[in-house]
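Every number in this text was worked out from the coordinates using simple rules, so none of it is lab data. Source: prediction; values computed, not measured. Glycine gets a Cβ as well: all are built from the backbone with ideal geometry, and neighbour counts include every protein chain shown.
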Amino acid sequence: TSLGENAFSYCNSLVEISIPTHLVDGIETDFTYCENLNTLVICCGNIDYISSIAIIPDFFKEVIIGDGITAIKDCVFWGCSLLETVVLPDTLLEISAEAFSYCTNLNNIVLPERLGYIGDSAFSYCTSLDSIEIPKSVTSIGSNVFEGCSALTYVVLNPNSDYTNVGENVFPSC
């Protein structure tokens, strides 16, 4: 199931849209010429993850992911260069490889306390990200997770975490 192509085209008054996860796949052409649309709210539908085949349009400035979502798969928000703020649910357990890579304006993201896995290059080249706190629950951090995050000046790694895997070059070119 998906939204029909250009389902919301030319909806110039639309500023926010909420859609269930099972309709996220393939939304890249559904919002053509929605000049005021800034916020995407992804609600838990009949699946509990955001698929790697989802192509999120790059004009959203804010994304709010609803409770019930447990995973953000590979490359979901890759290259969303206008994205500034992401609100993650407390239910999130996994952020996969390159999920937020090249979100060059991303400057506000709080990792939830239940998160356990951060994949390779998950936040690489988020050049506006200036701080990040890795929660105690994270046990696996991939390689190059924060590569090229040139504004990153504040990092907290919880000393009480039981890291089972920390990849190579987690913070290169920061």
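Things worth noting here:
- The calculated FRET efficiency for the pair Ala151 and Tyr33, based on their C-beta separation and a Förster distance of 25 Å, comes to about 0.20.
- Separation between Cα centres of region 61-76 and region 86-116, rounded to whole Å: 7 Å
- Packing rank of 131-144, 158-171, where each peptide gets the mean count of other beta carbons within 10 Å, highest leading: 131-144, 158-171
- Long-range amide H partners of Val41 with built H, under 5 Å: Ile17, Ser18, Ile19, Ile64
- Computed extension gain for Ser161 through Val87, at 0.36 nm per residue and net of the alpha carbon distance, reaches 24.3 nm.
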